[in-house]
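Take a look at this one; I'll ask things after.
The values are calculated or read from the model by the stated rules, or taken from the named source; none is laboratory data. Fair warning: this is a prediction, and the values are worked out from it, not measured in the lab. Heads up, the Cβs are rebuilt from the backbone with ideal geometry, glycines too, and the neighbour counts pull from every protein chain shown. All accessible areas refer to the heavy atoms of the entire protein, side chains included, with ligands and DNA or RNA removed. Shrake-Rupley method; radii C 1.70, N 1.55, O 1.52, S 1.80 Å.
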Amino acid sequence: QVQLVESGGGLVQPGGSLRLSCAASGSIFSINVMGWYRQAPGKQRELVATITQAGSTHYADSVKGRFTISRDNAKNTVSLQMNSLKPEDTAVYYCNAFVQTTVWPQLNDYWGQGTQVTVSS
C-alpha cells in the first residue's frame, strides 16, 4: 500500500510563483520515476514534468523554462517550483510515481488526490 499526498496549491496572480510538494508513504522499497501531471476543466490530463531517481528531468514545452521539478530520495518527496505563472496553468495538479513496494519487485503506478492551482488576477 502506497499513498501520495500533494500540497501547496492555491490562488496566485499571473506572473506569480507557487511551489507544490508531494510526499509518498507506505510499504515503499524504492521509487523510480516521479512526476507531475495536470488537468484543466474540460481538458485531458497532461504531463507537466518528470524526474528519474538519478535526477534526469523532462518538461512539457508549455512549462519549460518556468517550472522546475526536484526530488529528495531520502524523504520520498517530489516538488514542483512554478514561476511566471499564467492563467492557462490553472488546473488540478497530480503527483505520480512508479514504486517498488516491499512485497512486489515490479513497478506499480500510483497517483495522488490532486491539488488545485488557480492563476487569476
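Under a straight-distance cross-link criterion of Cα-Cα below 17 Å, which aspartates and glutamates are reachable from Lys75, leaving out those fewer than 8 residues away in the same chain?
Glu6
Something else about it: Placing unit charges on C-beta atoms (Lys and Arg positive, Asp and Glu negative, everything else neutral), compute the dipole magnitude of the chain about its Cα centre in debye, rounded to 20.
Taking the Cα centre of the chain as origin, the dipole is about 140 debye.
Put Trp111, Trp104, Trp36 in order of accessible area, largest first, 1.4 Å probe: what do you get?
Of Trp111, Trp104, Trp36, the descending order of accessible area is Trp104, Trp111, Trp36.
Ok, one more. Return the lysines within reach of Lys86: Cα separation strictly under 26 angstrom, same-chain partners fewer than 8 residues apart disregarded; answer none if there are no such residues.
Partners within reach: Lys43, Lys64.
Over region 1-71, give the accessible area per residue in Å² for a 1.4 Å probe, as an integer.
Computed with neighbouring chains in place, this is 55 Å² per residue.
When averaged across all projection directions, what area in nm² does the alpha-carbon convex hull of the chain cover?
About 7.1 nm², averaged over all directions.
Within the accessible area of the chain, what % is carbon and sulfur when the probe is 1.4 Å and the other protein chains stay in place?
48 percent
Probe 1.4 Å, all protein chains in place: accessible area of Lys64 in Å², nearest 10?
Its accessible surface works out to 140 Å², give or take rounding.
Using Cα pairs under 8 angstrom and six or more residues apart, how large is the relative contact order of the chain, in percent?
Normalised by residue count, the contact order of the chain is 37 percent.
Quickly work out the Ser120-to-Thr52 label distance, labels modelled 7 Å from Cα along the C-beta direction, and quote it in nm with one decimal.
Taking the two extended label points, one gets 4.1 nm.
Moving on to the next point. Treating only the Cβ of Lys, Arg, Asp and Glu as charged (+1, +1, -1, -1), what charge dipole size does region 50-121 show about its Cα centre? Round to the nearest 20 debye.
160 debye
Another question, if that's okay. Please report, in debye to the nearest 20, how large the charge dipole of region 26-92 is about its Cα centre when each Lys and Arg carries +1 at its beta carbon and each Asp and Glu carries -1 there.
Magnitude of the dipole: close to 40 debye.
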